[in-house]
Amino acid sequence: MPNGIVTETCPAPECNLTDQDVDGFMDEMRTYIKKFDPAFQRSEQLGWSQSYLQGLLGDASRKNVEQMALELGQNVRDMQHFIGQSPWEAEPVIAIHQRLVGEALGEADGVTLIDESSVVKQGNNSVGVAAQYCGSVGKTANGQVGVYLGMPVAKGTA
């Protein structure tokens, strides 16, 4: 165990995906996204949802709408409109997602786990930082707290 502050980071794993692997993944992603078509009132919304998902999975250093749109060569205002003003409801998207998870992973003896996780933070550059109980240090401290819901089953996790 080091006595001082360790400044080195672990090296990133080597990416050994082939172009064929990536193309296959993109085909699967497009098929998956089409399952959400009933949740949107207009076909353009489905296209923007695909662009938004690609942006989240892309290389933009900051995952905000502007950076994702620019990385994808998309119109920033159009993507901002889809996320902020376009008339679509989140509930149908969530219902479809829940159905798909149930179909893929549902088991009669499945369980759900709820877990709180906290990270000690200082300063005011992060959202949600406040004096609150942080289980990671076992006391009240400035930090961010998240609550996570998971479903571990023999087929996988969600």
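The values are calculated or read from the model by the stated rules, or taken from the named source; none is laboratory data. Only a predicted model underlies this, so the values are computations on that prediction, with no experimental measurement involved. Using ideal geometry, Cβ is built from the backbone for each residue, glycine included, and neighbour counts are taken over all protein chains shown. For the accessible areas, the whole protein counts, side chains as well, though only heavy atoms, and no ligand, DNA or RNA atoms are used. Shrake-Rupley method; radii C 1.70, N 1.55, O 1.52, S 1.80 Å.
For the reader, a short list of remarks on this structure follows.
- Single condition Glu28 does not satisfy, out of (1) under 21 Å from Ala95 (Cα atoms); (2) touching a residue at least 12 places away in the same chain (Cβ under 8 Å); (3) open to solvent by 90 Å² or more (accessible area, probe 1.4 Å): (2)
- Single residue of the stretch 33-45 satisfying the filter (touching a residue at least 12 places away in the same chain (Cβ under 8 Å), open to solvent by 30 Å² or more (accessible area, probe 1.4 Å) and not charged (D, E, K, R)) that is farthest from Ala95 (Cα to Cα): Gln41
- In the stretch 96-149, the residues that are surrounded by 12 or more Cβ atoms within 10 Å (Cβ to Cβ) and among the small types (Gly, Ala, Ser): Gly102, Gly106, Gly110, Ser117, Ser118, Ser126, Gly135, Ser136, Ala141, Gly143
- Some residue of the stretch 9-24 being modelled with pLDDT of 90 or more, surrounded by fewer than 12 Cβ atoms within 10 Å (Cβ to Cβ) and among the hydroxyl-bearing types (Ser, Thr, Tyr): no
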